[in-house]
Each structure stands twice: as structure tokens, then as C-alpha cells.
Amino acid sequence: MKSSPQELWLETIRRTRGPEHDTLVHWMISQTQCDFAVAVHAFFRSDPGQYLDVPRPLPTRPGPSDIFAQLLLNWDTGYYRSHQLAVERQDVDPRQLVRINQKVMARARGSLPFNIPRRFLDPEGGSPSQLAAHLSPDESVHLWPIYSELGLRVHKAPPGLARKLAHIRDFFFRFGVPSRAS
């Protein structure tokens, strides 16, 4: 993964589900080449609202369950300055963005024990991700089992003939097979 393009990193983080993938997300955001869009996705995935509702100092050595803290500490040391990829709606729900911005603005300046980068609250720029088909688990037979085994969001059936047969089977199961008598 380390030598993979950032489009694959973004595609991968978008497929994570919950705390069971915190180790993978923590690894990504701990890499110096991590793109800003990946970091922003991780930031909003970490539920920043809970940290604004009940602020507490950041741990000095954040672990995989401290994604929020790791992001803020890394930002302060110069990470996430590469912004090749755009932050899209699937990375940050606009309603969540508005809600977090309102919570930040409702706080007196300097009252939080941490600083949220302004860029995280207004994530603009970058180009839409253009992941090559051979790098997409939706299209690549060799990647699908890896993503599936990791519990990342993928189709139930692998790409290719198996998926086509599964779609046909699902269609007939849903709509029934027409009887010959009719």
C-alpha cells in the first residue's frame, strides 16, 4: 500500500467501516505522503463533534483509536500538505461540515485544548480521484479478495463472471422466473 497511488488510499479509506479499521486508517495518516483528502476523510470519520462537545487534551502518543488526535498532531508537524485529490461529498457530508464549523465558531477562541486546522473545516481544492480500473476492487479480480478479507466495503461477489451470475441469480430471485404455462 505504501507505494500505491493516493487514489487507492482514498478508495480504501472510503471503504472502511468502523473501529475495526482504525489500525489501517492510523497507518495511512501516519505516512508522510498521505494526501490531504485522505486525512480529511479520516478527520470526519473520527467524529470530531464528540471532541468539540467534551474537549480534552490530546494524548502525546496517539494510538489507532486516537485518529482525531493523530491527525491534529501530524498537521502541526507538517503532514497532509500534498493536496492532489479533491475532498468529495462521500468524504465529508456537507451537513456534518456545517455542524462542525458551527461547533468551532460557538467556542471562545483559545478555549479548546487543541487547534483544528482551518483547512480541515473548509476542504477545497484538488482534483477528483481517477482510480485506474486495475486498482479498483470493484473491477480487479486480484484486489477483491484482499478487500473482502479485510472487511472493507465491496460487492458480495468478485468481479467478472461470478458477479454477473450473482446479479442474474438475484434478479430471478427478486422477480421470480416466469412460468411456461403463462
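Considering only the stretch 76-96, I want to know if a residue exists there that is among the hydrophobic types (A, V, I, L, M, F, W, C) and part of a helix (DSSP H, G or I).
Applying the first criterion (among the hydrophobic types (A, V, I, L, M, F, W, C)) to the stretch 76-96 yields 85-87, 92.
Narrowing the set further to residues that are part of a helix (DSSP H, G or I) leaves none.
No: the stretch 76-96 contains no residue that is among the hydrophobic types (A, V, I, L, M, F, W, C) and part of a helix (DSSP H, G or I).
Scan Val154, Val141 and give me the residue that is out of contact with any helix residue (DSSP H, G or I) (no Cβ under 8 Å at 6 or more places or on another chain), open to solvent by less than 100 Å² (accessible area, probe 1.4 Å) and either at pLDDT 75 or above or within 19 Å of Thr16 (Cα to Cα) (or both). Can you show your working first?
On the way: Val154 fails: out of contact with any helix residue (DSSP H, G or I) (no Cβ under 8 Å at 6 or more places or on another chain).
Result: Val141 is the single residue among Val154, Val141 that is out of contact with any helix residue (DSSP H, G or I) (no Cβ under 8 Å at 6 or more places or on another chain), open to solvent by less than 100 Å² (accessible area, probe 1.4 Å) and either at pLDDT 75 or above or within 19 Å of Thr16 (Cα to Cα) (or both).
Only one of (1) under 25 Å from Ile13 (Cβ atoms); (2) surrounded by fewer than 15 Cβ atoms within 10 Å (Cβ to Cβ) is not met by Ser148, so which one is it?
If we test Ser148 against (1) under 25 Å from Ile13 (Cβ atoms); (2) surrounded by fewer than 15 Cβ atoms within 10 Å (Cβ to Cβ), just (2) comes out false.
Would a scan of the stretch 78-89 turn up a residue that is more than 18 Å from the chain's Cα centre (by Cα) and closer than 29 Å to Tyr51 by Cβ?
Our first condition is that a residue be more than 18 Å from the chain's Cα centre (by Cα); within the stretch 78-89, this holds for 78.
Checking which are closer than 29 Å to Tyr51 by Cβ leaves us with 78.
Looking through the stretch 78-89, at least one residue is more than 18 Å from the chain's Cα centre (by Cα) and closer than 29 Å to Tyr51 by Cβ.
For the stretch 107-116: of the residues being in contact (Cβ under 8 Å) with a residue 12 or more places away in the chain and either charged (D, E, K, R) or under 14 Å from Phe68 (Cβ atoms) (or both), which is least open to solvent (accessible area, probe 1.4 Å)?
In this case the residue turns out to be Phe114.
Give just the number: which of (1) assigned to a loop (DSSP other than H, G, I, E, B); (2) open to solvent by less than 40 Å² (accessible area, probe 1.4 Å) does Arg56 not satisfy?
(2)
Might you let me know whether the stretch 40-51 holds any residue that is over 22 Å from Gly110 (Cα atoms), basic (Lys, Arg) and not in a loop (DSSP other than H, G, I, E, B)?
Yes, the stretch 40-51 contains at least one residue that is over 22 Å from Gly110 (Cα atoms), basic (Lys, Arg) and not in a loop (DSSP other than H, G, I, E, B).
Restricting to the stretch 122-171, give me the number of residues that are touching a residue at least 40 places away in the same chain (Cβ under 8 Å) and not in a loop (DSSP other than H, G, I, E, B).
3
Please count how many residues of the stretch 1-25 are under 12 Å from the mean Cα position of the chain (by Cα) and open to solvent by 30 Å² or more (accessible area, probe 1.4 Å).
Qualifying residue count for the region: 5.
Tell me which residues, restricted to the stretch 82-106, are touching a helix residue (DSSP H, G or I) at 6+ places or on another chain (Cβ under 9 Å), basic (Lys, Arg) and open to solvent by 80 Å² or more (accessible area, probe 1.4 Å).
Across the stretch 82-106, the qualifying residue is only Arg99.
The values are calculated or read from the model by the stated rules, or taken from the named source; none is laboratory data. The structure displayed is predicted, hence computed values, not measured ones. Cβ atoms come from the backbone with ideal geometry, glycine included; neighbour counts cover every protein chain shown. When the accessible area is computed, the model is the full protein with side chains, heavy atoms only, and any ligands, DNA or RNA have been set aside. Shrake-Rupley method; radii C 1.70, N 1.55, O 1.52, S 1.80 Å.
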